[in-house]
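The values are calculated or read from the model by the stated rules, or taken from the named source; none is laboratory data. Model, not experiment: these values are computed from the prediction. Cβ: placed from backbone, ideal geometry, glycine included. Neighbour counts: every protein chain shown.
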Amino acid sequence: MRPARASRAASIALGLCAALCASLLFSSCLTKVEIGSPDLGKAADGAWKGYYDGKLVKVEVEIEVASHRIESIRILKHECGKGKPAERIVDSVVAAQSLQVDSVSGATYSSKCILKAIEVALESASRG
């Protein structure tokens, strides 16, 4: 192998190694987010707030509940870096009337943090 090619190959390998290390470091900072299934039948009418701190992603939402249905979800705060596309998950939750919806591709962790904040709000609504 010529020196220029060897240098380029080494540079590519080093770049891939750095990317892998960065990915592993990033994933180790994230907490595993488990999404429950709150009972909408217990949710009282009104506006309810929920907050979730997933370290790198922080979310605050306000949900509007009427007749045991989620009428709307507003994202009040979403600190997320590049996870903004996840915000469209609220439309899926309202349509499905469930937190058991698909995450937004490319914004999985932000999606789960938004779902968790909605779960917290629904739990508040269930306690009245």
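If you go through the range 46-63 one residue at a time, how many are at positive phi and at pLDDT below 95?
Of all residues in the range 46-63, those at positive phi come to 46, 55.
Those left that are additionally at pLDDT below 95: 55.
Of the residues in that region, 1 qualify.
I'd like the residue in the range 49-85 that is in contact with a Cys (Cβ under 7 Å, 6 or more places away or on another chain) and buried (at least 18 other Cβ atoms within 10 Å of the Cβ) and, out of all such residues, is nearest to Glu119 (Cα to Cα).
Tyr52
Which of the residues that make up the range 80-128 are among the basic types (Lys, Arg) and either touching a helix residue (DSSP H, G or I) at 6+ places or on another chain (Cβ under 8 Å) or part of a helix (DSSP H, G or I) (or both)?
Hits for the range 80-128 are Lys84, Arg88, Lys112, Lys116, Arg127.
Any idea which of (1) under 18 Å from Val33 (Cβ atoms); (2) surrounded by fewer than 21 Cβ atoms within 10 Å (Cβ to Cβ); (3) touching a residue at least 12 places away in the same chain (Cβ under 8 Å) is the one Gly46 doesn't satisfy?
Here Gly46 clears every test but (1).
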